[in-house]
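Here the structure comes first, spelled out in structure tokens, and everything after it is commentary.
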Amino acid sequence: MPPQNLALENMEINTNEEKRSLSFVEQFVEEDLAEGKNGGRIQTRFPPEPNGYLHIGHAKAICMDFGVAEHYNGICNLRFDDTNPSKENNEYVENILNDISWLGFKWGNIYYASDYFDKLWEFAVWLIKKGLAYVDEQTSEEIARQKGTPTEPGVASPYRDRPIEENLALFEQMNTPEAVEGSMVLRAKLDMSNPNMHFRDPIMYRIIQTPHHRTGTKWHAYPMYDFAHGQSDYFEGVTHSICTLEFVPHRPLYDKFIDFLIEKETNAAPAQANYRPRQIEFNRLNLTYTMMSKRKLLALVEEKFVSGWDDPRMPTISGMRRRGYSPQSIRNFIDSIGYTKFDALNDVALLEASVREDLNKKALRVSAVLNPVKLVITNYPDGQTEEMEAVNNPENEADGTHTITFSKHLWIERDDFMEDAPKKFFRMTPGKEVRLKNAYIVMCTGCTKDAAGNIVEIQAEYDPTSKSGMEGANRKVKGTLHWVSADHCQQAEVRIYDRLFNVENPSADERDFRELLNPESLQILNNCYVEKYAAERQPGEYLQFQRIGYFMADINSTAEKLIFNKTVGLKDTWAKQAKNG
């Protein structure tokens with residue numbers, strides 16, 4: 001199919017979809033399609049470095065890279081930027097694959113920057129032979145000083161004009177087991193007075209004497225990101241290299257290296273090339289009370305401030321999955337904040353609101369009591385039980401119902417009882433009626449206290465004609481309480497999470513990030529009770545503990561020791577607390 005026709009076909013695919021406003025990135029893509037660039041192809045890539053777990057910021061890039069390819073009937077490949085073996089391993093590779101799949105995206109192919117090490121080396125040798133690269137034996141500190149400032153030109157390295165044959169020999173020496181890390185680097189010979197600092201003879205290769213997770217000990221010199229990235233895009237046929245705003249000043253260098261590569265590969269002037277990737281930048285995701293630096297997140301893991309990369313307090317995708325976030329809620333949130341050319345700090349409450357909205361549609365409603373106190377229905381027959389029908393999800397009739405056992409002895413929330421209650425307290429208090437959800441209307445008749453004055457038991461009487469579904473059940477009462485049967489429930493550990501950091505923008509705070517951690521970010525409740533239907537739910541099943549919030553069974557939960565993580569509350573009470581505090 002001619003390029004022009006393929007471009008028109010892609011445009012038709014877009015116009016036949018549900019109408020929505022295009023991001024500026026998509027506008028650029030449509031311009032390229034309309035002009036027939038790259039034969040009308042759309043090919044993107046997501047290029048994570050396997051040096052840590054993906055976080056919510058990466059999810060924004062994933063949604064863009066894969067989303068553009070999906071929207072224009074193109075392809076998005078996954079490419080691991082594995083050019084620094086000292087920080088990378090296969091554990092990170094496997095988790096990146098899992099996270100992308102969980103978010104609901106499918107890659108076309110899996111590549112590694114290490115797939116191109118031979119080609120990149122060959123390209124570097126070509127640049128040396130062209131007099132466009134040289135080996136520098138200065139220290140990193142000396143090189144940094146000589147680069148100058150944005151307003152002052154740099155100073156040429158004393159090795160800048162060494163003979164080509166000497167550069168070739170030293171470059172080969174860099175890739176030997178005897179080469180000393182930091183003793184030599186390969187630099188491009190560009191322009192030491194260019195106002196763009198990235199153009200001032202950038203480093204292309206450095207020595208790293210650490211075995212690579214894929215290539216073992218074959219290599220001892222490894223390409224820098226700026227040298228490997230654009231060339232990998234070119235080798236793979238990427239049409240649109242979409243990245244975040246910090247790469248804006250890198251774009252001229254990205255284009256320059258590709259100019260050289262086109263000349264080498266096609267023996268033609270870059271202007272005559274019928275294909276070249278286009279770099280487009282968008283704003284990265286910043287969230288309040290959240291740290292996105294992988295280096296600092298790794299420190300939290302290694303120094304045991306959190307239980308691991310998938311700790312539910314972490315902003316990692318695996319941490320959010322373990323906490324009970326749904327992939328759709330994350331995608332909806334990213335769609336809602338959009339893509340711009342300006343960095344901003346987004347309120348984490350917007351993410352949590354998206355989680356609530358999505359989980360409200362899919363979470364099973366179950367009963368759980370987190371701070372229990374015994375309720376005895378004094379006029380209910382001893383030993384008698386009833387199975388009460390409970391709706392699984394009022395938002396989705398197809399989810400059906402389950403039964404919950406009712407008996408004489410129940411657990412209710414301690415906060416749902418007050419002996420001397422104010423007028424507008426519509427929960428349990430002596431002399432007033434409340435409904436026990438899915439069961440009966442009861443009237444509190446009193447309570448029992450221990451020697452210290454703590455309430456240890458509440459007494460009430462039930463109305464046998466007020467069972468849910470009965471004719472008498474329509475009698476109006478102002479309060480409805482959840483409960484579990486004391487003899488038909490299971491004890492559970494419930495973990496309540498708060499913000500991991502105490503300051504709104506920890507990334508911008510100059511103090512050590514460890515000082516900014518919230519010491520109350522995790523609260524563990526051991527004496528909780530859940531109905532048996534809830535106890536049978538597995539990790540990955542979304543739950544709503546009625547009147548409390550959304551929860552999910554933890555990956556370490558077992559039949560003998562139930563563990564539930566609180567995903568998010570039914571309302572954003574944290575923002576209110578922060579405002580008042």
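The values are calculated or read from the model by the stated rules, or taken from the named source; none is laboratory data. This structure is a prediction, so every number in the text was calculated from the model and none was measured. When we count neighbours, we look across all protein chains shown, and the Cβ atoms used for this are built from the backbone with ideal geometry, even at glycine. Surface areas here come from the heavy atoms of the whole protein model, side chains and all, with no ligands, DNA or RNA. Shrake-Rupley method; radii C 1.70, N 1.55, O 1.52, S 1.80 Å.
For residue 538, all conditions in the list (1) polar (S, T, N, Q); (2) open to solvent by 20 Å² or more (accessible area, probe 1.4 Å); (3) within 22 Å of residue 304 (Cβ to Cβ) hold save one; what is the number of the exception?
Status for residue 538: all satisfied but (3).
Just a yes or no: is a residue in the range 395-402 in contact with a helix residue (DSSP H, G or I) (Cβ under 8 Å, 6 or more places away or on another chain) and among the charged types (D, E, K, R)?
yes
Could you give every pair whose Cβ atoms fall below 9 Å, whose first residue belongs to the range 420-434 and is more than 18 Å from residue 547 (Cα to Cα), and whose second residue is among the charged types (D, E, K, R) and loosely packed, with under 10 Cβ neighbours inside 10 Å, counting only separations of at least 6 or pairs across chains?
Correct list of pairs: 429/420; 430/420.
In the range 161-207, what residues are crowded, with 19+ Cβ neighbours inside 10 Å and acidic (Asp, Glu)?
Correct list: 201 only.
Mind listing just one residue for me: the one in the range 93-139 that is among the hydroxyl-bearing types (Ser, Thr, Tyr) and assigned to a helix (DSSP H, G or I) and, of those, farthest from residue 82 (Cα to Cα)?
101
Kindly provide the set of residues from the range 482-531 that are in a loop (DSSP other than H, G, I, E, B) and under 30 Å from residue 365 (Cα atoms), ordered by number.
Scanning the range 482-531 gives 482, 483, 486, 487, 488, 498, 499, 500, 520, 521.
Taking the range 429-478 as the search range and keeping residues that are surrounded by 12 or more Cβ atoms within 10 Å (Cβ to Cβ) and among the small types (Gly, Ala, Ser), which one is modelled with the lowest pLDDT?
So the residue we want is 472.
Being of a type in the set (S, T, N, Q) and surrounded by 13 or more Cβ atoms within 10 Å (Cβ to Cβ) is the filter; apply it to the range 97-140 and report the residue that is nearest to residue 65 (Cα to Cα).
Ranking the qualifying residues of the range 97-140, first place goes to 98.
Looking at this structure, is residue 100 under 26 Å from residue 40 (Cβ atoms) and modelled with pLDDT of 95 or more?
Criteria not met by residue 100.
Within the range 527-536, can one find any residue that is at pLDDT 95 or above and over 30 Å from residue 486 (Cβ atoms)?
no
Any idea which residue in the range 75-105 is farthest from residue 117 (Cα to Cα), counting only those that are without any contact (Cβ under 8 Å) to a residue 60 or more places away in the chain and not hydrophobic (A, V, I, L, M, F, W, C)?
Taking the range 75-105 and keeping what is without any contact (Cβ under 8 Å) to a residue 60 or more places away in the chain, we get 75-76, 78, 80, 87, 91-92, 94, 96-97, 100-101, 105.
Now restrict to residues that are not hydrophobic (A, V, I, L, M, F, W, C): 87, 91-92, 94, 101.
Working: 87: 18, 91: 22, 92: 20, 94: 22, 101: 27 Å.
Step by step, filter the range 75-105, then rank; the result is 101.
Quick check on residue 346: is it more than 27 Å from residue 427 (Cα to Cα), in contact with a strand residue (DSSP E or B) (Cβ under 6 Å, 6 or more places away or on another chain) and surrounded by fewer than 20 Cβ atoms within 10 Å (Cβ to Cβ)?
The answer is yes for residue 346.
In the range 541-554, is there at least one residue being closer than 30 Å to residue 299 by Cβ, open to solvent by 50 Å² or more (accessible area, probe 1.4 Å) and not in a strand (DSSP E or B)?
No, the conditions are met nowhere in the range 541-554.
If you check residue 509 against the conditions, is it open to solvent by less than 60 Å² (accessible area, probe 1.4 Å) and out of contact with any Cys (no Cβ under 8 Å at 6 or more places or on another chain)?
So residue 509 passes the test.
Residue by residue through the range 327-342, note down the ones that are of a type in the set (Val, Ile, Thr) and assigned to a helix (DSSP H, G or I). I'd like the intermediate steps shown before the answer.
As a first pass, look at the range 327-342 and keep what is of a type in the set (Val, Ile, Thr): 330, 334, 337, 340.
Those that are of a type in the set (Val, Ile, Thr) and assigned to a helix (DSSP H, G or I): 330, 334, 337.
Which of the residues spanning the range 343-365 are part of a helix (DSSP H, G or I) and within 16 Å of the chain's Cα centre (by Cα)?
Just the residues of the range 343-365 that are part of a helix (DSSP H, G or I), to begin with: 348-362.
Once the filter is applied, which keeps residues that are part of a helix (DSSP H, G or I) and within 16 Å of the chain's Cα centre (by Cα), the range 343-365 yields 348, 349, 350, 351, 352, 353, 354, 355.
For the range 242-326, which fully contained helices (runs of 4 or more DSSP H) count at least 2 residues that are within 21 Å of the chain's Cα centre (by Cα)?
The helices (runs of 4 or more DSSP H) meeting that bar are 294-302, 317-323.
Looking at this structure, is residue 30 open to solvent by 60 Å² or more (accessible area, probe 1.4 Å) and either within 29 Å of residue 267 (Cα to Cα) or not in a loop (DSSP other than H, G, I, E, B) (or both)?
no
Within the group 261, 285, which residue is surrounded by 21 or more Cβ atoms within 10 Å (Cβ to Cβ), farther than 30 Å from residue 334 by Cβ and of a type outside the set (Phe, Trp, Tyr)?
Of the residues listed, the single one that is surrounded by 21 or more Cβ atoms within 10 Å (Cβ to Cβ), farther than 30 Å from residue 334 by Cβ and of a type outside the set (Phe, Trp, Tyr) is 261.
Does at least one position in the range 435-454 carry a residue that is in contact (Cβ under 8 Å) with a residue 40 or more places away in the chain and among the small types (Gly, Ala, Ser)?
Yes, the range 435-454 contains at least one residue that is in contact (Cβ under 8 Å) with a residue 40 or more places away in the chain and among the small types (Gly, Ala, Ser).
When you go through 355, 391, 376 one by one, which is the residue that is at pLDDT 95 or above and closer than 30 Å to residue 314 by Cβ?
Exactly one of 355, 391, 376 is at pLDDT 95 or above and closer than 30 Å to residue 314 by Cβ, namely 355.
If you take the residues of the range 404-428 that are in contact with a Pro (Cβ under 9 Å, 6 or more places away or on another chain) and of a type in the set (Lys, Arg), which of them is most open to solvent (accessible area, probe 1.4 Å)?
414
Mind listing whichever residues of the range 73-96 are within 17 Å of residue 45 (Cα to Cα), open to solvent by 10 Å² or more (accessible area, probe 1.4 Å) and either more than 23 Å from the chain's Cα centre (by Cα) or of a type in the set (Phe, Trp, Tyr) (or both)?
Selection gives 73, 74.
Residue by residue through the range 44-60, note down the ones that are open to solvent by 20 Å² or more (accessible area, probe 1.4 Å) and touching a Ser or Thr at 6+ places or on another chain (Cβ under 7 Å).
Within the range 44-60, 53 is the sole residue that qualifies.
Residues that are open to solvent by less than 30 Å² (accessible area, probe 1.4 Å), modelled with pLDDT under 95 and in contact with a Gly (Cβ under 7 Å, 6 or more places away or on another chain): does the range 147-156 have at least one? Show your work before the answer.
Taking the range 147-156 first, the residues open to solvent by less than 30 Å² (accessible area, probe 1.4 Å) are 148, 154.
From the residues that got through so far, the ones that are modelled with pLDDT under 95 too are 148.
Those still in the list that are in contact with a Gly (Cβ under 7 Å, 6 or more places away or on another chain) too: 148.
Checked against the condition, which is being open to solvent by less than 30 Å² (accessible area, probe 1.4 Å), modelled with pLDDT under 95 and in contact with a Gly (Cβ under 7 Å, 6 or more places away or on another chain), the range 147-156 yields at least one hit.
Among the numbered criteria (1) outside any loop (DSSP other than H, G, I, E, B); (2) over 30 Å from residue 316 (Cβ atoms); (3) among the hydroxyl-bearing types (Ser, Thr, Tyr), which single criterion is violated by residue 193?
(1)
Can you pull out the residues in the range 312-333 that are surrounded by fewer than 21 Cβ atoms within 10 Å (Cβ to Cβ) and not basic (Lys, Arg)? Spell out how you get there, then give the answer.
Step one: filter the range 312-333 for residues surrounded by fewer than 21 Cβ atoms within 10 Å (Cβ to Cβ), giving 327-328, 331-332.
Those that are surrounded by fewer than 21 Cβ atoms within 10 Å (Cβ to Cβ) and not basic (Lys, Arg): 327, 328, 332.
I'd like the full set of residues that are open to solvent by 50 Å² or more (accessible area, probe 1.4 Å) and either assigned to a strand (DSSP E or B) or out of contact with any strand residue (DSSP E or B) (no Cβ under 9 Å at 6 or more places or on another chain) (or both), limited to the range 208-218.
Scanning the range 208-218 gives 209, 211, 217.
Are any residues in the range 377-403 open to solvent by less than 10 Å² (accessible area, probe 1.4 Å) and not in a loop (DSSP other than H, G, I, E, B), and if so, which ones?
Result: 377, 388, 390.
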